[in-house]
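Scroll down for the structure; my scribbles are underneath it.
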Amino acid sequence: MKTSTIEKRQANGQIPPATLLSTEPDRNCQLCPRLADFRAQARAKEPAWYNAPVSSFGDPQARLLIVGLAPGMQGANRTGRPFTGDYAGDLLYATLLSYGFARGSYEARPDDGMTLVDCLISNAVRCVPPQNKPLPAEINTCRSFLGLTIEALPRVRAIVALGRIAHETVAKVLKLRGSTVPFGHGAVHQAGRFKLYDSYHCSRYNTNTGVLTPEMFRSVFAKVKADLD
Ligand code: SF4
């Protein structure tokens with residue numbers, strides 16, 4: 001790949017910053033056979049889509065790490081940038097822009113020029129799962145990549161977990177006992193040098209059913225912002 005192409009794809013979030021390259025799975029990672037098969041089917045059906053493990057996106061010197069569940073089929077799996085192209089991204093990026101954790105404008109495509117500020121986004125599971133539901137074995141298998149990512153981020157202090165699976169994955173990476181850090185929207189758990197903030201996932205389902213309102217979501221980031229300032 002030409003250098004200019006690499007730089008462009010790094011800016012678009014489709015490949016991670018150089019310091020995080022070694023923390024990412026191979027494009028053809030086969031560790032989860034079911035997800036590898038599903039990815040291959042998606043490549044055959046939609047060859048112009050990204051259809052690969054989605055890399056972390058943002059600032060490798062960030063103090064805030066956001067951990068989602070997994071790429072959505074029409075969102076990050078299609079575009080190659082976390083939370084880009086589906087409803088969850090609309091709410092997440094609008095919130096990040098309003099709290100100064102992103103700059104530019106979010107236009108639901110990876111070349112919209114938006115950048116993250118003091119913030120990096122990753123996922124508990126890097127490949128799109130059928131029906132947005134990874135199996136427990138797949139969550140366990142992919143967790144090592146999140147562990148490597150957190151190890152490679154020297155300045156991270158705040159971790160926002162979007163949903164219970166992200167919360168449990170981060171808790172395991174940080175070696176916290178589940179019963180000592182129960183998941184709950186708005187909960188904050190101290191974990192050594194990290195603070196773990198819980199939020200319901202910003203999925204369309206959660207917002208349509210009223211489980212999560214934009215105000216509830218914003219309140220999590222308001223807390224993070226106040227703690228980091
Ligand atoms: S989910 Fe993670 S571990 Fe499983 S195949 Fe994808 S990249 Fe590999």
So, in nm, how far is label Glu215 from label Gln61 when the simple model puts each one 7 Å beyond its Cα toward the Cβ? 3.8 nm
Using the Cα centre of the chain as origin and beta-carbon charges of +1 (Lys, Arg) and -1 (Asp, Glu), tell me which of Leu97, Leu21, Asn206 is placed farthest towards the positive end of the dipole. Leu21
Give the dimensionless ratio obtained when the Cα radius of gyration of the range 62-136 is divided by 2.2 N^0.38 Å. 1.07
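When ranked by the protection proxy of mean other Cβ atoms within 10 Å per residue, highest first, what sequence do the peptides 191-204, 72-85, 162-175 form? Walk me through the intermediate numbers first.
Values: 191-204: 19.1, 72-85: 24.3, 162-175: 21.4.
By packing density, highest mean first, the sequence is 72-85, 162-175, 191-204.
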Roughly how many debye, to the nearest 20, is the charge dipole of the range 3-228 about its Cα centre, given +1 on each Lys and Arg Cβ, -1 on each Asp and Glu Cβ, and no other charges? 380 debye
Cα-only Debye scattering, the range 1-121: base-10 log of I(q)/I(0) at q = 0.16 Å⁻¹: -0.75
Starting from the Kirkwood Rh over alpha-carbon pairs, what translational D in µm² s⁻¹ does the chain have by Stokes-Einstein at 10 °C and 1.306 mPa s? 91 µm²/s
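Name the shape class, rounded, prolate or oblate, that the alpha-carbon gyration tensor gives for the range 106-229, where a ≥ b ≥ c are the square roots of its eigenvalues, rounded holds for a/c under 1.5, and otherwise prolate holds if a/b is larger than b/c and oblate otherwise.
Numbers: a/c = 1.16, a/b = 1.06, b/c = 1.09.
Rounded, because the longest to shortest axis ratio a/c is under 1.5.
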Work out from phi, with θ = phi - 60° and the Karplus expression 6.51 cos²θ - 1.76 cosθ + 1.60, the ³J(HN,Hα) of each residue of the range 143-152, listed in order in whole Hz, and give x for Gly and Pro. 4, 4, 6, 5, x, 4, 5, 4, 4, 8
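What percent does the relative contact order of the chain come to when contacts are Cα pairs within less than 8 Å and at least six residues apart?
Working: 425 pairs, mean separation 46.6, N = 229.
Relative contact order of the chain: 20 percent.
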Is there a quick way to get the dipole size of the range 88-182? I mean about its Cα centre, with the Cβ of Lys and Arg at +1 and of Asp and Glu at -1; what is the value in debye to the nearest 20? 480 debye
Charges on Cβ only, +1 for Lys and Arg, -1 for Asp and Glu, centred on the Cα centroid of the range 17-160; of Leu120, Pro71, Pro60, which one is farthest towards the dipole's positive end? Pro71
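Every number here is computed from the coordinates shown, using simple stated rules; none is lab data. The structure displayed is predicted, hence computed values, not measured ones. Using ideal geometry, Cβ is built from the backbone for each residue, glycine included, and neighbour counts are taken over all protein chains shown.
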